[in-house]
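Since the structure comes first, as structure tokens, the remarks are kept for the end.
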Amino acid sequence: MTVDYTEPRFVAPICTVQDVAEIVGMPVETVKTWAGQRRSRRQMFSRTPQGHRGWPSVPLVGLVEANTLRTLRDMLAPSEVEAAALWIRNKYDAPYALANRRLVTDGAYAYVQENPSELYRVKTNQHAFVEVLEAHLQPLIFEHDDYPVAYEVRIPGVVIDPRFNAGRMTFERNRVPVFAVLGSLQGGDSVDEVMQQYGLTLQEVAAVDEHREWAAKAA
């Protein structure tokens with residue numbers, strides 16, 4: 001299958017490095033290291049040139065690559081994450097291997113089979129290894145080409161999809177941006193008013209309110 005690597009999911013910047021840290025649940029300093037923002041450290045996930053300081057520089061595919069690095073860190077010693085990521089990249093002749101569903105699962109499994117001494121938390125427990133990989137894939141929505149088209153965040157029903165609202169967090173069913181709902185709640189609108197204004201259910205508004213602090217940083 002031919003993949004168009006000029007699609008927004010590959011090239012449109014939708015997140016800052018700080019956003020990526022919030023979304024994948026890693027310390028900002030760790031993600032900055034993966035982003036190549038530390039001297040003598042290799043860039044480990046995709047970024048585009050920033051128009052201005054503080055502007056988004058990470059496309060969807062880069063966010064997913066960072067999520068893969070987060071997953072590798074759950075399985076391996078922190079010092080081995082970069083080695084494993086590079087091993088997977090070098091094994092397959094495909095762009096964005098760390099964001100490809102098939103290459104990540106096949107590559108991670110092949111890596112730990114060839115480097116069994118590097119296993120950290122899952123040891124040689126194949127069942128635990130599979131569970132970690134399945135958890136990695138859970139928030140991702142893939143196209144038929146095995147590359148992601150959207151990322152499901154911790155707020156139920158909300159995705160990051162570069163096709164809608166410039167990649168800002170959006171309710172998948174009606175394309176309402178989370179930042180708009182959050183702004184209304186912070187501005188003092190009642191839950192009923194927000195429901196009517198945006199066509200959301202009580203559960204959807206309550207979910208945004210529950211994650212208000214986190215969403216304010218990442219939405």
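The values are calculated or read from the model by the stated rules, or taken from the named source; none is laboratory data. Please read these numbers as outputs of a predicted model, since none were measured by experiment. Because the Cβ atoms are built from the backbone with ideal geometry, glycine has one as well, and the counts that use them run over all protein chains shown.
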Quiz item: Looking at region 31-59, which of the residues that are over 20 Å from A150 (Cβ atoms) and touching a Leu at 6+ places or on another chain (Cβ under 9 Å) is modelled with the lowest pLDDT?
Solution: R42
Exercise. Return the residue satisfying two criteria in turn: it lies in region 26-47 and is under 15 Å from P95 (Cα atoms) and not charged (D, E, K, R), and of such residues it is surrounded by the most Cβ atoms within 10 Å (Cβ to Cβ).
Key: F45
Quiz item: Give me the pairs: first residue in region 153-164 and acidic (D, E), second residue at pLDDT 95 or above, beta-carbon distance under 6 Å, and six or more apart or on different chains, which are they?
Solution: D161/A150
Quiz prompt | Any chance Q50 is free of Cβ contacts under 8 Å to residues at least 24 places away in the same chain and surrounded by fewer than 18 Cβ atoms within 10 Å (Cβ to Cβ) | solution = no
Quiz item: Do any helices (runs of 4 or more DSSP H) entirely within region 1-90 hold 2 or more residues that are over 27 Å from A216 (Cβ atoms), and if so, which?
Solution: 8-11, 60-75
Quiz item: Are there any pairs, at least 6 apart or on different chains, whose C-beta atoms fall under 6 Å, with the first in region 89-108 and at positive phi and the second in a helix (DSSP H, G or I) and of a type outside the set (D, E, K, R), and if so, which?
Solution: Y96/V61
